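Trainee: Got a structure for you, questions after.
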Amino acid sequence: MPDDGRHRPLPREVKALGTVSLLNDTASEMLVPLLPLFLTTVLRAGAAALGVIEGLAETTASLLKYAMGRWSDRLGRRKGLALAGYGLSVLVRPLLGLAGAVWHVVALRFADRVGKGIRTAPRDALIADVVPPADRGRAFGLQRAMDHAGAIAGSLAAAALLAWSSLPLRWIFLLSAVPGAAAFVVLALGVREARRAPADPAGDPAAGSAGQTRSLLSERRFVGYLAAVLLFTLGNSADTFLVLRALELGVAPALGPVLWVALHLSRSAWAVPGGMLADRYGRLRLILAGWAVYAVSYAGFAAADAGWMMWPLFVLYGLHAGLTEGAERAMVADLVGAESRGRAFGAFHLTVGLAALPASLLTGLLWKWQGPAVAFGAGAGFALAAALWLFLWPGLVRGTRAATAGGGGT
């Protein structure tokens, strides 16, 4: 029986990058859940200010992800950009504790998300660079699991400091510098990058095989995959709508953060097994299964009529992320050559980011006009439509099988 990779250790760089994600998300989640409280009670701002801040920040990050991924291909190096992105966030995030006006928060959140935009695509491409195709699902699953674990740790740390200490919000924000700085140190010391030849920006056809020199957006299989991701994301609204649904059905407000932690626990627990299954049975199967689970969970949110039903639905919804997050990123690496991975991951994250805003807007409008059942039902419909698109797109099944068999070009 062939080795499925379950007992083959992952490279130290993958483990180090997972640790970086854990520490960085711990720092981020120490302040993001408290930001609405800080704006309303300390700076006397409202929901409109929060919407402007988060919308501007996330849109900027999405646009930068593609640019930075492309730049990492041209440079032939990725670690430096990842360091710059994490370093910027480490520097500016704690400064929220010194903010004295709403525009200070806008500027600092903007800079923080710029850091995310700089680092995300080069980091994902770096993971794909150091693992063989047969282990990509497990590697990305580990990174996602540790990212969600950091979200849990940060949320719990913020809640504990707020509830059991006399520290003001500003001091909690300043303390987020500790795990953030640790993340930067682990990346600087724990990740070594082999020198690669920079990509030819002109895309000269004489420089290599057709698959290596073809423009990223002309690659039929990859474009089809991105179209499916776009369609799915248009039905994937912000998770805060799930918490709102739980509160409407009678879940006590004090249990809202507990539901949030339960969701991240489910995501973290399923991420590595999901990645391993993607390596063993194929990325496409796991993505299709995960999107089907998403449709079922959203149908459950639409049909639920009691607060207790939220608990199993949140866990089921977390299973969807565990099945897909590693597989989706591994498929990006499978469908393009090594010299285009930065751009490919940038295009993937840009697609998700640009679709996220209209997705939440659509859900909010449907909720207002037709009620939550219709809003969540629409999300389930988008997921099923995306799964059908992905399954029927010409050549995608054959292409991903070839890559996982060893043709991915690490």
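The values are calculated or read from the model by the stated rules, or taken from the named source; none is laboratory data. Bear in mind that the values here come from a model prediction, so they are computed numbers and not experimental data. Glycine gets a Cβ as well: all are built from the backbone with ideal geometry, and neighbour counts include every protein chain shown.
Trainee: Can you go through Leu277, Leu265, Leu259, Leu288 and tell me which one is part of a helix (DSSP H, G or I), surrounded by 23 or more Cβ atoms within 10 Å (Cβ to Cβ), assigned by TED's automatic domain parsing to the domain that holds Pro394 and of a type outside the set (Val, Ile, Thr)? Explain how you work it out, then say what you get.
Mentor: On the way: Leu265 fails: surrounded by 23 or more Cβ atoms within 10 Å (Cβ to Cβ); Leu259 fails: surrounded by 23 or more Cβ atoms within 10 Å (Cβ to Cβ); Leu288 fails: surrounded by 23 or more Cβ atoms within 10 Å (Cβ to Cβ).
The conditions single out Leu277.
Trainee: Same structure again: Which residue, of Gly342, Gly322, Gly364, is crowded, with 24+ Cβ neighbours inside 10 Å, modelled with pLDDT under 95 and farther than 22 Å from Arg221 by Cβ? Break it down into steps so the answer makes sense when it comes.
Mentor: Numbers: Gly342 fails: farther than 22 Å from Arg221 by Cβ; Gly364 fails: crowded, with 24+ Cβ neighbours inside 10 Å.
Going through Gly342, Gly322, Gly364 in turn, the sole match is Gly322.
Trainee: While we're on this one: One residue is enough: does region 80-88 have a residue meeting the conditions closer than 18 Å to Leu187 by Cβ, in contact (Cβ under 8 Å) with a residue 40 or more places away in the chain and of a type in the set (Phe, Trp, Tyr)?
Mentor: Yes, region 80-88 has at least one match.
Trainee: Taking region 186-216 as the region of interest, how many residues are among the small types (Gly, Ala, Ser), assigned to a helix (DSSP H, G or I) and modelled with pLDDT of 55 or more?
Mentor: So the count comes out to 2.
Trainee: May I ask you to list pairs of residues, at least six apart or on different chains, whose Cβ atoms are under 8 Å apart, with the first in region 291-312 being assigned by TED's automatic domain parsing to the domain that holds Phe232 and farther than 19 Å from Gly274 by Cβ and the second being surrounded by fewer than 16 Cβ atoms within 10 Å (Cβ to Cβ) and of a type in the set (Val, Ile, Thr)?
Mentor: Ala302/Val374
Trainee: Please determine whether any residue of region 217-224 is surrounded by fewer than 16 Cβ atoms within 10 Å (Cβ to Cβ) and at pLDDT below 70.
Mentor: If we filter region 217-224 for residues that are surrounded by fewer than 16 Cβ atoms within 10 Å (Cβ to Cβ), which is where we start, we get 217-218, 220, 223.
After this cut, where a residue has to be at pLDDT below 70 as well, the list is 217-218.
Checking region 217-224: at least one residue is surrounded by fewer than 16 Cβ atoms within 10 Å (Cβ to Cβ) and at pLDDT below 70.
Trainee: Assigned by TED's automatic domain parsing to the domain that holds Gly250, part of a helix (DSSP H, G or I) and more than 18 Å from the chain's Cα centre (by Cα), is that true of Leu319? Outline the logic, then answer.
Mentor: On the way: assigned by TED's automatic domain parsing to the domain that holds Gly250: yes; part of a helix (DSSP H, G or I): yes; more than 18 Å from the chain's Cα centre (by Cα): no.
So Leu319 does not fit the description; no.
Trainee: Would you check if Ser176 is over 22 Å from Pro9 (Cβ atoms), buried (at least 21 other Cβ atoms within 10 Å of the Cβ) and at pLDDT 90 or above?
Mentor: Details: over 22 Å from Pro9 (Cβ atoms): yes; buried (at least 21 other Cβ atoms within 10 Å of the Cβ): yes; at pLDDT 90 or above: yes.
In short, yes.
Trainee: Within region 245-256, which residues are part of a helix (DSSP H, G or I), free of Cβ contacts under 8 Å to residues at least 60 places away in the same chain and of a type in the set (A, V, I, L, M)?
Mentor: In the first step, residues of region 245-256 are kept if they are part of a helix (DSSP H, G or I); the result is 245-248, 253-256.
Restricting the remaining residues to those that are free of Cβ contacts under 8 Å to residues at least 60 places away in the same chain gives 247, 253-256.
Of everything in region 245-256, those that are part of a helix (DSSP H, G or I), free of Cβ contacts under 8 Å to residues at least 60 places away in the same chain and of a type in the set (A, V, I, L, M) turn out to be Leu247, Ala254, Leu255.
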